[in-house]
1. Which is farthest toward the positive dipole end of the chain among V122, M134, M274, measuring Cα position about the Cα centre, with Cβ charges +1 (Lys, Arg) and -1 (Asp, Glu)?
2. Given Cβ point charges of +1 (Lys, Arg) and -1 (Asp, Glu) and nothing else, what value in debye, to the nearest 20, does the dipole of region 103-258 about its Cα centre take?
3. Taking only protein heavy atoms and a 1.4 Å probe, what accessible area per residue, in Å², does region 184-275 have with all protein chains in place?
4. Scale the Cα Rg of region 38-89 by the rule-of-thumb value 2.2 N^0.38 Å and send over the ratio, two decimals.
5. If Rh is defined by the Kirkwood formula over all Cα pairs and Rg also comes from Cα, what ratio Rg/Rh do you get for the chain?
6. Once you treat every alpha carbon in region 11-163 as an equal point and sum by Debye, what is log10 I(q)/I(0) at q = 0.09, 0.15 Å⁻¹?
7. List the pair-distance distribution P(r) of region 100-259, using every Cα-Cα distance, as the percent of pairs falling in each 5 Å bin from 0 up to the bin containing the longest distance, rounded to whole percents.
8. Packing-wise, with mean Cβ within 10 Å as the measure, how do 133-144, 193-204, 57-68 rank, highest first?
Amino acid sequence: IINGLSVVFMTFYIGKAVDTLLGKGQVNFQALFQIMALLLGITLTTSVSQWLIQTLGNKVAYFSVADLRKDAFKQLNKLPLSYYDTHSHGDLMSRFSNDLDYVSDACTAIFNQLFSGVTIVVISLVSMVLLSPMLTLVVLISTFFIFLVNWLVATNSQKRFSAQQKIVGDISGFLSETVTNQKIIKSFQYETNTQESFNTFNTELQQAGQKAQFISSLTNPLSRFVDHLGYLAIGLVGGLLAISNPGVITIGIITSFILYASQFSKPFIEISGMTTQIQTALAGLERVFQLMDEPIEKP
């Protein structure tokens, strides 16, 4: 909340600073220097609060994943032997290493960017409505289209990420069994068969990963494109309002709104940039929960 307030206040006072520059020989230097001193204090507050967010976010992410890994290992010891007979050992190991590492990385990104972004969105929305409801509407429309793009791409790519994680687990299981039983493979001259099996797995992973990454990678550039159209709309509508309502809508307010539009849409664009990371983590988390939900051995 402190970080969100400081970021929004900085944008507001930058607009105020612009309005002190009335024209040639008409600069209100006293007000400008007061605003600059205030901005310096706000900048320090923003930096300290951002550092605290990252520190706390890292702790929450790593401690929660450590607890999840501990609970999953307890579950392993309670499962019946029949479960191990029907599930690849390498795939189980992949759930502890690859899948939970993805979850940890995504949690760190979410806590460091998403939660602070939500507070900025709420506070900046209130500030924008107080300054100009019309320009606020322009920002909201562009943000809606950003959200729509993210949702459409995310729904289409989630299934592909789940398929990708399943193949990663299959390859891990295959490699674990192949390396462990290398003596048997060589004794029965089974190298060609294992090579062909590996090539099949590897090709499937390459194709599944390429499709998942391609669809997911569309989110960020499309979001930024819509965001930049929003800048143009603010400049156009704000300019027309400034001409028709001189003194009510100033150049400083338009400047603040251009920055507010960036702040308001930034969390949505950051989410789009984290889409691949989040979806990979969700696919990994699903695989870990499958293990946790397995019925344990009865006494």
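1. My answer, from the dipole projection, is M134.
2. With Lys and Arg at +1 and Asp and Glu at -1, about 120 debye.
3. 57 Å²
4. Relative to the 2.2 N^0.38 Å estimate, region 38-89 comes out at 2.17.
5. Checking Rg against Rh, the ratio lands at 1.16.
6. One equal scatterer on each Cα of region 11-163 leads to -0.57, -1.05.
7. 1, 7, 11, 12, 12, 10, 9, 8, 7, 5, 5, 4, 3, 3, 2, 1, 0, 0
8. 133-144, 57-68, 193-204
The values are calculated or read from the model by the stated rules, or taken from the named source; none is laboratory data. Keep in mind that this is a model prediction, so the values were computed, not measured. Positions of Cβ are generated from backbone atoms using ideal geometry, with glycine treated the same way; all protein chains shown enter the neighbour counts. The accessibility values were calculated without ligands, DNA or RNA, using every heavy atom of the protein model including side chains. Shrake-Rupley method; radii C 1.70, N 1.55, O 1.52, S 1.80 Å.
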